[in-house]
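Below is one structure, written out as structure tokens; comments come after it.
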Amino acid sequence: MASPEFSADLPRRDFVKSGSLAALMAALGGVPITGDEPAKAADGTLAVPKADPNYKEKPVGPPVKMGVIGLGVHGREILTQLGRLPNAPVTAICDSYKASLKRGSEAAPNARQLTEYPALLESPDVQAVVIATPTPQHKDIALAALKAGKHVYLEAPMAHSIEDGRAIARAAQALPATQIFQVGLQFRENPQHHHVLKFFRTGACGKTATASAQFNKKQSWRRASPNPEREKALNWRLDNATSLGLVGEIGINAMDCASWYQDALPVSVTGFGSIQLWDDGRQTPDTVQAVLEYPGGVRLVFASTLASSYGGEQQIFNGSDATILIRDNKGWMFKEADAPLLGWEVYARKDDILSEMGIALVANATKILAQGKKPAEAASDTDSPLKYALEKFVEHVNEGTAPAAGWKVGFESLVTVVKANEAVLKGGRIAYDPAMFQV
């Protein structure tokens, strides 16, 4: 049986030596320059290069016929983002709830409408499947889709339990290289996060001291229905038996990003959770904190509340020389007063963020320059992380390349948040056994 409606109402100092200053400056989004030294215009200001007349966009691959299973709020957003891709026609959609199916058809009017997912998987008109059902339903649908030979994009978290996730990971591990399995860890396929990672990994921030992340949005997570049975299905996120809570359903991207940037898995997690606003009979806390400890003593503090929207979504990595902030698909570097001067920073664009001067880190700046635009002006012209992830999925299908968010990191992120949610519910510390992360 396909899903009920899915509820989702809901970022070395010496690395400059290895590349040209022009390329680095473009990447920073500051004043782009054309040689080893900044070019000067007649008035003495730094010159901006002209558009490259030979620049060509990467060719769009052939169409990949898509099927989407699970047409709740997030499933319909997936349909919207797929509709913005030139080579991802949606040929079939599926949901057991006819009202959701009807709403989904508005975003995919040419798609075949189905109420049972096996019929979608049997369709020769579907090459790739996006699974956006409630988390506990992932295992059976994902295994069936992989067995049917479909390429699979599975929303994160992979499953509701480590055991279910391990079963999916094993099936994906055994796939031929030409069959793609990608987990919806959106930061892993986001050019902004890949761009910031370069600065983090090369030591531009110095020694990492701590990291933090948050997701704040005032919303109840509760969906209303005149049918009690339907209302229960809609509100699966509010039941501990079916939900991994805020840390699992929302925090997984931030926690995965911390592990990715540090190239390490956590060794322990300490959690706290409470109901601060939405005292409506739910089980899952509406306010949580989870502290992940990594080798060497670096900790990530993840905090999230449904009682306030202040601060929104952001990630911070604090280093001895600089701090990196990622917010709204943009990134900045904030230098310490005693940090050595980086050779390129005097030319970089700087923004005032809460009275702190941040060096803007702009992804895709080389492409922006080639198109005759200025990175500083185009920095806000970014697509949603979901669109980037789906776009990369289609690219991986066409090119047969391995996704950045494959079965291994998908499973590791699942183990991380399952134990983090357990820590939140018990209000204590849990140690990760390395064997937990083994498929």
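Name the residues in the range 383-407 that are in contact with a strand residue (DSSP E or B) (Cβ under 9 Å, 6 or more places away or on another chain) and either among the β-branched types (Val, Ile, Thr) or at positive phi (or both), would you?
VAL394, VAL397
May I ask you to say which residue of SER225, SER212, SER243, SER220 is touching an Asp or Glu at 6+ places or on another chain (Cβ under 6 Å) and of a type in the set (Ser, Thr, Tyr)?
None of the others qualify; the one that does is SER225.
May I ask you to list the residues in the range 146-195 that are surrounded by 18 or more Cβ atoms within 10 Å (Cβ to Cβ) and among the hydroxyl-bearing types (Ser, Thr, Tyr)?
Scanning the range 146-195 gives a single hit, TYR153.
Please determine, by comparing only the residues of the range 221-258 that are of a type in the set (Gly, Ala, Ser) and closer than 19 Å to GLU155 by Cβ, which one is farthest from the chain's Cα centre (by Cα).
Once the filter is applied, the top-ranked residue is ALA233.
Which members of the range 120-133 meet the condition of being of a type outside the set (A, V, I, L, M, F, W, C) and in contact with a Lys or Arg (Cβ under 8 Å, 6 or more places away or on another chain)?
Of everything in the range 120-133, those that are of a type outside the set (A, V, I, L, M, F, W, C) and in contact with a Lys or Arg (Cβ under 8 Å, 6 or more places away or on another chain) turn out to be SER123, ASP125, GLN127.
So in the range 323-377, with the set limited to residues that are on the phi > 0 side of the Ramachandran plot and of a type in the set (Gly, Ala, Ser), which one is modelled with the highest pLDDT?
Checked the range 323-377; the qualifying residue modelled with the highest pLDDT is SER355.
Quick grid of which residues meet (1) at pLDDT 95 or above; (2) within 22 Å of LYS408 (Cβ to Cβ); (3) among the hydroxyl-bearing types (Ser, Thr, Tyr); (4) part of a loop (DSSP other than H, G, I, E, B):
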{"site": "LEU120", "(1), (2), (3), (4)": "yes, no, no, no"}
{"site": "VAL129", "(1), (2), (3), (4)": "yes, yes, no, no"}
{"site": "ALA142", "(1), (2), (3), (4)": "yes, yes, no, no"}
{"site": "TYR153", "(1), (2), (3), (4)": "yes, yes, yes, no"}
{"site": "GLU163", "(1), (2), (3), (4)": "yes, yes, no, no"}
{"site": "LEU197", "(1), (2), (3), (4)": "no, yes, no, no"}
{"site": "ALA204", "(1), (2), (3), (4)": "no, no, no, yes"}
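Residue under question is ARG103, and the condition is that it be more than 25 Å from GLY245 (Cβ to Cβ) and buried (at least 16 other Cβ atoms within 10 Å of the Cβ); does it hold?
yes
Mind checking which residues of the range 180-213 are out of contact with any strand residue (DSSP E or B) (no Cβ under 8 Å at 6 or more places or on another chain) and of a type in the set (Val, Ile, Thr)?
Within the range 180-213, just THR202 meets the criteria.
The values are calculated or read from the model by the stated rules, or taken from the named source; none is laboratory data. The model shown is predicted, which means the values in this text are computed figures rather than measured ones. Heads up, the Cβs are rebuilt from the backbone with ideal geometry, glycines too, and the neighbour counts pull from every protein chain shown.
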